[in-house]
Amino acid sequence: MVAAAEPHAAHRGAFSETFQAPAYTDISALLADPKVEAVYVSTPHGLHKEHALAAIAAGKHVLVEKPITVALEDATALIDAADAAGVQLVVGPSHSFDGPVALACALIEAQVIGRVRMIHALYATDFLYRPRTAAELDTDQGGGVVFSQAVHQIDLVRRLASSSATQVTARTGGAWDPARPTEGAYSMLVDFTSGAFASLTYSGYAHFDGDRLMDNISELGTLKDGQHKDARGGLRAVNDELAHKTSRGFTSLAACPQAQTHEHFGQVMVFGEHGDLRLSPHGVEINQSEARRFQAAPFRTTRAEVFDTFYNAIRHGERALQDGRWGRASLEICHALRVSAHQGTTISLQHQTN
């Protein structure tokens with residue numbers, strides 16, 4: 001870590017004190033710093049294109065948060081710019097990087113369960129009841145659960161399917177709570193060229209806690225006590241939601257979540273011709289007619305796989321699976337989800353990659 005750009009003065013100070021490195025007020029000053037080789041763009045969705053293009057134009061490699069952008073044409077612009085500049089463009093972190101997902105892919109490739117026939121992904125969280133900006137509750141600006149949360153499930157399911165998606169049939173739960181006027185839930189069916197299909201379901205309405213199905217381990221890999229909590233209560237206690245959201249920046253390494261396991265995105269199962277896989281924060285459970293066994297996925301530190309991927313792309317020229325074209329393909333499925341739900345039809349896909 002050699003520099004940062006952050007509009008909030010207290011967070012700039014915390015970064016500089018922790019990393020003994022400069023923290024600038026805007027991205028232009030950051031990009032002018034000769035020590036900066038690569039930039040992690042973690043700004044709001046609607047700013048991804050502007051900030052990633054600026055970094056690419058400055059000759060920097062880019063790790064841009066998911067979704068790659070909000071508009072498909074903007075994703076194409078980033079891909080073309082990175083190609084022309086000869087820099088690496090990686091999209092994430094998303095849960096497709098998680099160690100148990102990589103392990104499940106290795107087991108699939110080794111034909112442990114035979115040909116993949118069906119994939120199931122299910123999660124429920126309090127996403128809508130964490131402090132949000134107005135843009136995060138405006139679906140047209142990339143708000144709601146589709147662009148922020150569906151992309152996680154889409155990414156990991158696409159990686160497990162190991163083939164191109166062909167079409168999407170979906171429904172969304174929009175504005176079930178008038179106080180949070182955006183898409184808060186969805187369910188969709190995705191078909192793949194291999195003949196496999198996947199069901200993806202998510203709710204962010206803070207009733208059922210999906211971590212109960214994951215050994216009471218949070219999405220970030222931290223242990224929870226398993227007690228029922230009023231997930232909406234904390235938001236009701238906030239007087240100024242925007243100010244509270246803005247205050248939730250970097251303060252110290254000690255204040256960051258201390259993961260004890262891999263991260264996860266809820267319940268994921270892969271059904272094959274000769275067996276089934278169940279992913280957990282610790283590894284993968286392998287179920288076959290004659291036996292059941294568990295294979296651990298060694299855990300090093302939070303998001304190690306993300307930065308291994310980025311580092312190897314930069315230093316060794318290794319193609320990242322989750323590159324710009326991958327990010328655009330996942331974004332297309334997010335848009336297809338919304339269109340399918342609105343029209344009540346199945347939507348064919350045009351920008352998919354293996």
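Output the Kirkwood hydrodynamic radius of the range 72-112, Cα pairs only, in Å rounded to one decimal.
The answer is 12.6 Å.
Provide the percentage of antiparallel DSSP beta bridges, counting only those with both residues in the chain; round to the nearest 5.
70 percent
How many percent of Cα pairs in the range 1-64 exceed 17 Å?
36 percent
Rank by packing, highest mean first: peptides 290-300, 126-136, with packing defined as the count of other Cβ atoms within 10 Å averaged across residues.
Ranking the peptides 290-300, 126-136 by packing returns 126-136, 290-300.
Sorted by average packing, counted as other Cβ atoms within 10 angstrom per residue and highest first, what order do 33-39, 115-121 take?
115-121, 33-39
Only helical DSSP H runs with n ≥ 4 go in: add -39500 (n - 2.57) per run for the chain, normalise by residue count and round the 222 nm mean residue ellipticity to 500 deg cm²/dmol.
Rounded to the nearest 500, the figure is -9000 deg cm²/dmol.
Among the lysines in the chain, how many pairs, 8 or more places apart or on different chains, have alpha carbons under 23 Å apart?
Number of lysine pairs found: 8.
Where the convex hull is taken over the Cα atoms of the range 309-354, what is its projected area averaged over directions, in nm²?
That works out to 3.5 nm².
Please report, in whole Å, how far the alpha carbons of the range 210-354 spread along each principal axis, starting with the longest.
Result for the range 210-354: principal-axis Cα extents of 52, 44, 42 Å.
In what sequence, highest mean first, do 149-158, 9-18 appear when ranked by Cβ atoms within 10 angstrom?
149-158, 9-18
Any chance you could list P(r) for the range 275-342, counting all Cα-Cα pairs in 5 angstrom bins from zero, rounded to whole %?
Calculated P(r), rounded to whole percents: 4, 13, 12, 11, 14, 18, 16, 10, 3.
Normalising by the residue count of the chain, find the relative contact order in percent from Cα pairs under 8 Å and 6+ residues apart.
Across the chain, relative contact order equals 21 percent.
Using Cα pairs closer than 8 Å and at least 6 residues apart in sequence, work out the relative contact order for the range 1-102, in percent.
Dividing the mean separation by the residue count of the range 1-102 yields 20 percent.
Give me the dipole magnitude in Debye, nearest 20, for the chain about the Cα centre, with unit charges on the beta carbon: positive for Lys and Arg, negative for Asp and Glu.
360 debye
Readers should treat all values here as calculations from the given coordinates under stated rules, not as data from a laboratory. From a predicted model like this one, the values you see are computed outputs, not experimental measurements. In this analysis, Cβ positions are derived from the backbone assuming ideal geometry, glycine residues included, and neighbour counts consider all displayed protein chains.
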